[in-house]
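Participant: Handing you a structure now.
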Amino acid sequence: MYPRAFEYHRAKSYPDAVRMLGELGDDAKLLAGGQSLIPLMKLRLSTPAHLVDLNFIPGTSYIHCNGSLRLGAMTRHSEIAASAEAARLPILHDCAAGIADPQVRNMGTIGGSIAEADPTGDWAPVLLATGATISVTGPDGDRAIDIADFIQDAYTTALQPGELVTEISIPMPRSRDAGTPGESRGSTRDGGAYIALKRCAPVYASASVAVQLTLDNEECCREARIYLGVLGLTAKRVVTAEEALRGGPITAPHIEKVRQAVMDLAEPVSDMRGSAEYKRHAAGALAKLAVDAAFRRAQGECVEVTHLYA
Ligand SMILES: Cc1cc2nc3c(=O)[nH]c(=O)nc-3n(C[C@H](O)[C@H](O)[C@H](O)COP(=O)(O)OP(=O)(O)OC[C@H]3O[C@@H](n4cnc5c(N)ncnc54)[C@H](O)[C@@H]3O)c2cc1C
């Protein structure tokens, strides 16, 4: 189906885009990669009268590492998947490389993904597990929002009218080389992993789990952040699973507790992707795999993670 007729506007800068949004009002939408918006427009589920294109604004697609990893909002999934800087947080590569197919990854942006806040999107659980901060700009200036406050509900964010996402910032992991101030070098290390179950590449996941761990002395779990994706209106933090890991070595019984906690928290519904029971068990199995991979990565092992297709 063809979208409703709209007027196209090309922004030259973020302030220009903010000005346009202010002038054009509620009937205007930002266009980033178009991988969510254009299909919705073709189905006439979204019918904006104006599109403000962000694609020609210079300097909005970048991956910088200085203290934290900073990703420009217009950075494409494929750029993150291919980036040596982003690979310092392997969980980012797990996520970016598994989104849909090359066409979607080459166009879709991380800023558009989190602004869309699709409950089945891959970025939310990963950015929540890594404690990302979202920078936005708007008519009242710039502000930084913790990702946990940014995503408020399904398709609902903290963005106010006229605001747009400019940058995603993620704390760099502690590593053997970096050490932690006040501690011996290599005593504290971070590792994370993200695994999703998909029916095939060009579809959204049926379930997903993101895990970020901090280990002391390569063994003792100091901190754990575990988020379940897809099986709820927003990504869900699995606090009981985190508690099961915190404060000791990570062994098979601990990982089993994580699996059970994830299954208990999941709220799947039966649909074309599978029955509720199937998804609940899948989420538990993904959690085990993700904890294992994150743990081994935090110990310094190079672990390759790919999504599972079934
Ligand atoms: C076939 C297919 C399969 C897909 N599979 C997956 C998948 O498995 N996992 C996954 O995570 N995603 C998937 N996607 C979605 C894809 O990741 C999109 O890239 C993403 O959802 C939206 O990013 P975009 O840059 O295309 O945004 P757009 O579609 O351009 O915009 C999405 C929304 O965000 C707003 N927006 C865009 N940029 C900004 C900004 N900087 N600030 C504020 N608002 C903004 C737009 O106005 C619009 O409302 C799939 C898409 C398709 C078409």
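Participant: Considering only lysines 8 or more places apart in sequence, or on different chains, count the pairs in the chain whose C-alpha atoms sit under 27 Å apart.
Facilitator: So the count works out to 14.
Participant: Does the stretch 1-119 come out rounded, prolate or oblate, given a ≥ b ≥ c as the square roots of the eigenvalues of its C-alpha gyration tensor, rounded meaning a/c under 1.5 and, failing that, prolate meaning a/b above b/c?
Facilitator: oblate
Participant: Can you give the local net charge around Asp27? Use residues other than it whose beta-carbon is closer than 14 angstrom to its beta-carbon, Lys and Arg +1, Asp and Glu -1.
Facilitator: -1
Participant: Mind listing the phi-derived Karplus ³J(HN,Hα) values for the stretch 4-13, rounded to whole Hz, using 6.51, -1.76 and 1.60 with θ = phi - 60°, and x for any glycine or proline?
Facilitator: 4, 4, 9, 9, 9, 10, 9, 7, 9, 7
Participant: Under 14 Å from the Cβ of Pro202, count the other residues' Cβ atoms, weight Lys and Arg +1, Asp and Glu -1, and hand me the total.
Facilitator: With Lys, Arg at +1 and Asp, Glu at -1, the neighbours total +2.
Participant: For Asp271 and Ser46, FRET efficiency with R0 = 35 Å and r from the beta-carbon atoms, rounded to 0.05?
Facilitator: 0.95
Participant: Determine the sum of side-chain charges near Leu37: Lys and Arg each +1, Asp and Glu each -1, restricted to other residues whose C-beta is under 13 angstrom from that of Leu37.
Facilitator: Its environment carries a net charge of +1.
Participant: Which is the longest run of the chain containing none of the trypsin sites (Lys or Arg not before Pro) found in DSSP loop states (not H, G, I, E, B) with at most 13 other C-beta atoms within 10 Å?
Facilitator: 45-175
Read-outs throughout are calculated quantities, based only on the coordinates presented, and are distinct from any laboratory measurement. For clarity, every value in this text was computed on a predicted model and none was experimentally measured. Heads up, the Cβs are rebuilt from the backbone with ideal geometry, glycines too, and the neighbour counts pull from every protein chain shown.
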